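Please read the structure below before turning to the comments.
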Amino acid sequence: MITKDLYERKELRQLVRDFTRREIAPHLDQWERDGEVPRELHKNAAELDLLGIGFEHGDLLDSVALTEEIIQNGGSSGLMAALFTLGIAIPHIWQSGNEDLIERFAKPAIRGEKIGSLAVTEPGAGSDVAAIRTKAVRDGDHYVVTGEKTFITSGCRADFVTTAVRTGGDGYQGISLLVIEDGFTRRKLDKMGWHCSDTAELHFDGVRVPVANLVGEENQGFALIMQQFQVERVTMAVEAYATAQRALDLTVEWTRNRETFGKPLIKNQVVRHKLAAMAQKIDLARTYTREVAARINRGEDCVTEVCFAKNAAVDACSEVVDAAVQLHGGMGYMRESEVERHYRDARILGIGGGASEVMTELAARRLGFA
């Protein structure tokens, strides 16, 4: 199913294309109204081995191809967040090599039997991971967890939550990761976009968690979190330029079919030039992000380049979806218009996985400008 060249993963791309057009695109509007995707979708994706890409088989470049095809064939970045939350929930577990945790949490998620989420962000600690305050105090064979997390993707549906907690002193050296299954309360949050992706606030009030649910070594969780940020940020860059490409495709079709003053919109030079400018921004972001993904796949340290890729793709997406709505006119402002959804969904991409300003500062420090 999976070949080696990013541009020639034809079987994988066709499989994902067919799956999206059959299982996702016809139902996405309803899932947006429901506020979540059905659990059956996870199982259907698992039957095609799509949830195992990057874990049991495939690599980052396969994940890039999958993301492109889902969004460009009628999916959305919100759908990606909901269906592939395991992409941020289980990597730490998988890389830890802990067979017990892998069997209890990672593999059931890959089979579509369990939904996992990742809980790092807190009301007082967003991009500043080292400032988290949720505490986990050792009590015999358990940790007692107290604190709260917010903006947790799939937090309402999650069967388990890979949670960043403070087991040691202040700063990044005192952070650990625990897999928490129950005993906490959830509050569903309403968002501007990503309506099909449920988001929650989690409250932990003396929740007892077995020590066996510790991921990796105690007080080493910060390093595990940071290691996964490269992949998460590249994935969001792919979501950004893929969303932009979908918006452009829809807009080209609209301008070909929409007539004003006796001719199709696309016959106006100003419209054609706008479309060309949109295509240029997308292609530049896509080409750079794909190259960065390939370098990460080879094991290279690309922290600075990942920051550039995410910011460039987000900027391109922001401009393209805005232009798409403008060129759709009044229809672009209607909920029944797909570009309206992409316009709303795109706004989170410059915030999630590290805000654009944080990416710029991180790149500046890595370049020695600080």
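The values are calculated or read from the model by the stated rules, or taken from the named source; none is laboratory data. Quick caveat, the model's predicted, so the values are computed rather than measured. Here the Cβ positions follow ideal geometry from the backbone for every residue, glycine too, while neighbour counts run over all protein chains shown. Note: areas computed on protein heavy atoms with side chains; ligands, DNA, RNA excluded. Shrake-Rupley method; radii C 1.70, N 1.55, O 1.52, S 1.80 Å.
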Problem set entry | Projected label distance in nm at Arg366 and Arg111, using a 7 Å step from Cα toward the beta-carbon | 3.8 nm
Exercise. Among Thr287, Ala277, Ala309, whose Cα sits farthest toward the positive end of the charge dipole of segment 263-311 (+1 at Cβ of Lys/Arg, -1 at Cβ of Asp/Glu, about the Cα centre)?
Worked result: Ala277
For this session: Name the most mobile residue of Gly74, Gly97, Gly52, meaning the one with the largest mean-square fluctuation, in a Gaussian network model of the chain with Cα contacts below 10 Å.
Result: Gly97
Seminar exercise, completed: Computed about the Cα centre, the charge dipole of segment 4-111 from +1 Lys/Arg and -1 Asp/Glu charges at the Cβ has a magnitude in debye, to the nearest 20, of 120 debye
Problem set entry | Net charge dipole size for the chain [Lys, Arg +1 and Asp, Glu -1 on Cβ; Debye, nearest 20] | 1000 debye
Problem set entry | Structure-based [θ]222 nm, the chain - -39500 (n - 2.57) summed over DSSP H runs of at least 4, per residue, nearest 500 | -15000 deg cm²/dmol
Exercise. Using a Cα distance threshold of under 19 Å, what count of lysine pairs results for the chain when pairs must be 8 or more residues apart or interchain?
Worked result: 7
Seminar exercise, completed: Note to self: Kirkwood Rh of the chain, Cα pairs, one decimal, Å, is 21.2 Å
For this session: For segment 116-219, report the accessible area per residue in Å² (1.4 Å probe, heavy atoms, rounded to an integer).
Result: 43 Å²
Exercise. What's the carbon and sulfur percent of the chain's accessible surface, probe 1.4 angstrom, rounded to a whole number?
Worked result: 49 percent
Exercise. Which loop-located GluC sites (Glu not before Pro) does segment 191-292 contain, where loop means any DSSP state but H, G, I, E or B and the Cβ has at most 13 other Cβ atoms within 10 Å?
Worked result: Glu217
Exercise. For segment 278-318, what size does the Cα cloud have along each of its three principal axes, sorted from largest down, in whole Å?
Worked result: 32, 14, 8
Problem set entry | Largest to smallest accessible area among Phe369, Phe308 [probe 1.4 Å] | Phe369, Phe308
Seminar exercise, completed: segment 222-367, convex hull of Cα, quarter of hull surface, nm² -> 9.5 nm²
Exercise. Taking +1 at the Cβ of each Lys and Arg and -1 at the Cβ of each Asp and Glu, which of Thr167, Val339, Gly140 sits farthest along the dipole of the chain towards its positive end, judged by Cα position relative to the Cα centre?
Worked result: Val339
Exercise. For segment 222-367, with only Lys/Arg (+1) and Asp/Glu (-1) charged at the beta-carbon, what is the dipole magnitude about the Cα centre, in debye rounded to 20?
Worked result: 340 debye
Exercise. Once you treat every alpha carbon in segment 116-219 as an equal point and sum by Debye, what is log10 I(q)/I(0) at q = 0.13, 0.18 Å⁻¹?
Worked result: -0.42, -0.79
